Structure formats: C-alpha cells, structure tokens
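A quick write-up on the structure given underneath.
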There are 2 protein chains.
Amino acid sequence: MANIKTKTYHHGNLEQALLVAGFQEARGTGSRNLGVNSLAKEVQVSPMAVYRHFPSGESLKANISQLGREEMARQMIEAISRQAGVKNRFQAVGRAYIQFALDEPGLFAVAFTACDAPPKREDSPSAWLVFQDSILDLCTEGLIDASEVEHVSAFAWAAVHGYATLAGGKDPMRPKATEQVISNLLDRIWSGIVGEGVQNR
Amino acid sequence: MANIKTKTYHHGNLEQALLVAGFQEARGTGSRNLGVNSLAKEVQVSPMAVYRHFPSGESLKANISQLGREEMARQMIEAISRQAGVKNRFQAVGRAYIQFALDEPGLFAVAFTACDAPPKREDSPSAWLVFQDSILDLCTEGLIDASEVEHVSAFAWAAVHGYATLAGGKDPMRPKATEQVISNLLDRIWSGIVGEGVQNR
DNA sequence: TTGCCATGTTGCTAGTATAAACATTACTTA
DNA sequence: TAAGTAATGTTTATACTAGCAACATGGCAA
C-alpha cells in the first residue's frame, strides 16, 4: 500500500532541500548549475518558490558557498584532531586546506566565490577561522610573539590559499600537486614563520 | 561639411574595438559586464557581429582575460627594470604582482578567471612567466639550486598570488593591505626560499 | 564589370532572473 | 471545531542573456 506518490502542494523543507541540492551540484560541477531555475527543477519546484526562502539567486549561491566553507572547516578540524605537537598540528591544517581544494575543486571554488550577498545563518566554523586558530596556537606555545600574529596569519594563509587555488585550477602553468611539493611548501611556510631572516619581529 | 556621421556598415576594426571595450569594462567593473550583448552595444554593433570574430562569448572573455595578464606582466617587467640586486629584483616582482591586484581589482579578477577557452594570440609575456623568470634568476645567481626551482616557484607564486587574491577580495576576514604587511610578507617569502629549516634542498 | 566573401544585420529559440497576482495549505485563535 | 491569517507554493509576464540561421552590404580581385 505504501509508496503512493503523495504530491503535497507544500514541499516540507524546501530551503534545506535547495541547499543540499546546491551543495551536491557544486561538488560535482562547481558553480555552473547553481542558478535559481536549475536548482528549482532539481527539487521539483517552480522557480519562484525559491524566492520564498532566499531574497535572490545570489543569496542562495552565497548560502551554498558557506556550506562549502563549513564542510572545509569540518575536515580541517578533523585533521587537526589526529595530530600532536604544534608544528604537526599547524601543518596538518594547511595540508587539509590544500587537500580539500584538490579533492573537491568544485566545492572549493564555490566556497571562495559567490560570497557577495550575506548568508542567512551566522558564520559557523568557517575554514579560515580554523586556520586563524591554528596560528593563535603558535602564539600560546611561544613560537611566535603576539605582535606577529597578524603578519604570520597573512603570510601562512596566503601561501596555503594561493597554492590551493593555483594547484587546483586548470591553468597549464599551475604548480604540480604532488605530496613532495606540498610537504616542501609547508616546510617553507614554516621556515617563513619561525625563520631567521624575517624583519619586523 | 565635416563631421558627417558616416555610419559605415562595416565597423573597420571590430575585433580590436571589442577587446579594448572589454578591457576598459573589466578595469571598471570586473567580469560583470563582459557579455556579448553588453560589449556589442558598447561598440554600437549588433550582438551577432561579435561571433564573426570570436567563436563564443567565452572566447571573447578569455581574450580580454589575456589582455589583463599581459598588462600585469608589463607592470611587473617595469618594476623589475628599476631594481638592482637579486633580492630587490625578486621582491619587486612580487610587490608589483600584489600591487596590480590592489590597484586593478577588476582586471586582476578577470585575468585569473575566464581562461577556459583558449585565446587567439599566443601567450605573450604573461604575468607568471615573468614571475618564473625572476626565480630562475635566483638560480643563476647561485642563491638556490637548480633542483629547487620547482619547489621555490610553487611556494613563492602561491604566497604572492594568495595574498593578492585575499587582500584584494571583499571578504571581511581578508588580511590588511598595508605597506607594512606586504613588506613583511615578502620578507617571510624570502626566508622561506633561502631559510634554514627547509628540507629537500 | 562581375562576382565572391568577409563582415555586418534581423529574426528566432532557448535559457536566465525576478516581479505581481493568485492558489493552497498550515497554524492559530476564538 | 470553525474561521481567519500567515506561510509557502504556482502561474503569468517582463526583461535580460547566448547563439543559430538566413539575409544584406560593400570591399577587393579576376
């Protein structure tokens, strides 16, 4: 008797359904099919229904984008939790950041674009907050001075994010994405953080 | 008698006009108004005329994108030419790269996206080739070993590009874009290149 | 001069976002 | 429980966009 197609007029949880569908789509094809019509069709709903939950298509995209940042944060936290020691933990965060970009290029791209409109929910653990925290750890462990936090943060984040962006892209000139290159990169970042030649300490 | 509106049926140099118009538009508003219709209207031509010169709108965008990379390369070369000494020259390139992203956010954004379709002309001096060259200089000057070039290149490019992207973006968490921060960043990159703690040398 | 062909045009189809008006259902309150 | 209201859908319409096909113009070459 079950499995009758009860086509309810009201979807039930359209907002969540749109976000999930968008998340999956982003995972697969990046930001190409994240439009209002496309996602509305995906969840079997008329395009205008979307606007009952998001003020614009941009807003919907922005919220999907944040889901990407949260998923990324989750994986970074997971990676940290398996490490002991300041340096190991710090490099694990960077590695997770990079690995996410390589494993989930679509999600990564969406996570770092389409953030024009403000998302509905507050910023739950977002990727760069986790990153920021890992640098504060360096501070509490006495490896860097409190006055350096801003500079170190900018440097480390830039290097990791830049590599993630470039290596994950499709430009023919992009740097290789091998374990070798990544390890070396993280070592050089470490060197740039605690190294000798840095002025303004 | 003069100044009669000689409305020629044939534009004369539509391809160039479209590229120039697109370049200006990118400079002003980024990639928002780089569509076929929009640019066609800008040069007072029907949208379909564009397709006589570019196979698709994507292709047009890709060519504008390359103009951006070339302009960037020009400024980087200019910056290098005013410096003496390996370290100075290297840091000048990085600084120019970053400065371009801050001075011309629209152009920078367009230069590093919309490169899906291949451009028509061959890659004339493109931004990262200039960057690459500056790292080869470090090699010929004996500061790094030839075996390190790939790693150093990935590291330095990543750090500079990452910072340029993040600092030029509009995320509220983005790093500050002050002379202080930039100088410090370039010092830390230098430390990561020639520093002590780096493995795999 | 004739005619080809590069370069423009219009008209069309399909896809997109989103505003306005209307329909249905869920929730609340007497 | 019945009635009213708010939430959540749908349809219809306007105004964009990219790009195909067919047609028009005019410069250049035989």
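The values are calculated or read from the model by the stated rules, or taken from the named source; none is laboratory data. Bear in mind the structure is a predicted one, so any value in this text is a computation, not a measurement. For neighbour counting, all protein chains shown are included, and Cβ atoms are generated from backbone atoms with ideal geometry for every residue, glycine included. Side chains included, ligands, DNA and RNA excluded: accessible areas come from the protein's heavy atoms. Shrake-Rupley method; radii C 1.70, N 1.55, O 1.52, S 1.80 Å.
With of a type in the set (Val, Ile, Thr) and closer than 25 Å to B:PHE155 by Cα as the only criterion, which of B:ILE77, B:ILE64 stands out? Lay out the reasoning, then the answer.
Details: B:ILE64 fails: closer than 25 Å to B:PHE155 by Cα.
One residue alone meets the criteria, B:ILE77.
Run down B:ALA127, B:ALA156 and say which single residue is at pLDDT 95 or above and more than 7 Å from chain A (Cβ to nearest Cβ).
Values: B:ALA127 fails: at pLDDT 95 or above.
Going through B:ALA127, B:ALA156 in turn, just one is at pLDDT 95 or above and more than 7 Å from chain A (Cβ to nearest Cβ): B:ALA156.
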Looking only at residues in the stretch A:40-56 that are part of a helix (DSSP H, G or I) and within 12 Å of DNA strand D (Cβ to nearest atom), which one is surrounded by the most Cβ atoms within 10 Å (Cβ to Cβ)? A:VAL50
Unmet criterion (only one of (1) out of contact with any His (no Cβ under 8 Å at 6 or more places or on another chain); (2) within 16 Å of B:ALA158 (Cβ to Cβ); (3) without any contact (Cβ under 8 Å) to a residue 40 or more places away in the chain) for A:ALA92: (2)
Number of the condition not met by B:GLY195 [criteria: (1) within 8 Å of chain A (Cβ to nearest Cβ); (2) of a type outside the set (Val, Ile, Thr); (3) buried (at least 23 other Cβ atoms within 10 Å of the Cβ); (4) over 30 Å from A:ALA117 (Cβ atoms)]: (3)
Would you call A:ALA117 within 15 Å of DNA strand C (Cβ to nearest atom), within 14 Å of another protein chain (Cβ to nearest Cβ), more than 23 Å from A:ALA158 (Cα to Cα) and open to solvent by less than 70 Å² (accessible area, probe 1.4 Å)? yes
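Of the residues A:VAL50, A:VAL110, only one is out of contact with any Leu (no Cβ under 6 Å at 6 or more places or on another chain), within 15 Å of DNA strand C (Cβ to nearest atom), under 30 Å from B:ALA159 (Cα atoms) and of a type in the set (Val, Ile, Thr); which?
Details: A:VAL50 fails: under 30 Å from B:ALA159 (Cα atoms).
One residue alone meets the criteria, A:VAL110.
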Could you say whether any residue in the stretch B:171-188 is more than 10 Å from chain A (Cβ to nearest Cβ) and surrounded by 15 or more Cβ atoms within 10 Å (Cβ to Cβ)? no
Out of the residues in the stretch A:141-169 that are out of contact with any Pro (no Cβ under 9 Å at 6 or more places or on another chain) and outside any helix (DSSP H, G or I), which is surrounded by the most Cβ atoms within 10 Å (Cβ to Cβ)? A:ILE144
Would a scan of the stretch B:18-39 turn up a residue that is touching a Phe, Trp or Tyr at 6+ places or on another chain (Cβ under 7 Å) and more than 30 Å from B:VAL152 (Cα to Cα)? no
Restricting the search to the stretch A:58-80, which residues are within 16 Å of DNA strand D (Cβ to nearest atom), surrounded by fewer than 20 Cβ atoms within 10 Å (Cβ to Cβ) and away from chain B (no Cβ under 14 Å)? A:SER59
